């Protein structure tokens with residue numbers, strides 16, 4: 001397992017107790033490893049936020065199409081009937 005995969009498994013809580021202990025020992029020996037973990041965690045956080053924003057945008061686009069385009073008139077009628 002390369003360092004990036006090791007950090008990924010660490011951040012996701014997927015390491016075995018032995019591998020986790022080994023990584024924590026490496027943190028004592030290699031101070032730059034802590035920074036790499038922090039940076040990789042930050043990248044994951046940014047990717048998550050971006051993914052959430054992209055999903056919201058996709059949902060808004062689908063909603064706009066479903067409730068404005070004439071080809072979805074039957075669908076709109078069904079939805080409005082359900083909630084009326």
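Of note:
- When restricted to residues that are touching a helix residue (DSSP H, G or I) at 6+ places or on another chain (Cβ under 8 Å) and assigned to a helix (DSSP H, G or I), region 8-47 contains 16.
- Residue 63 without any contact (Cβ under 8 Å) to a residue 40 or more places away in the chain, under 11 Å from the mean Cα position of the chain (by Cα) and in a helix (DSSP H, G or I): no
- Verdict on residue 50 being within 23 Å of the chain's Cα centre (by Cα), touching a residue at least 24 places away in the same chain (Cβ under 8 Å) and in a helix (DSSP H, G or I): no
The numbers here are math on the coordinates, done by the rules we state, and not lab data. These numbers come from a predicted model, not from an experiment. Positions of Cβ are generated from backbone atoms using ideal geometry, with glycine treated the same way; all protein chains shown enter the neighbour counts.
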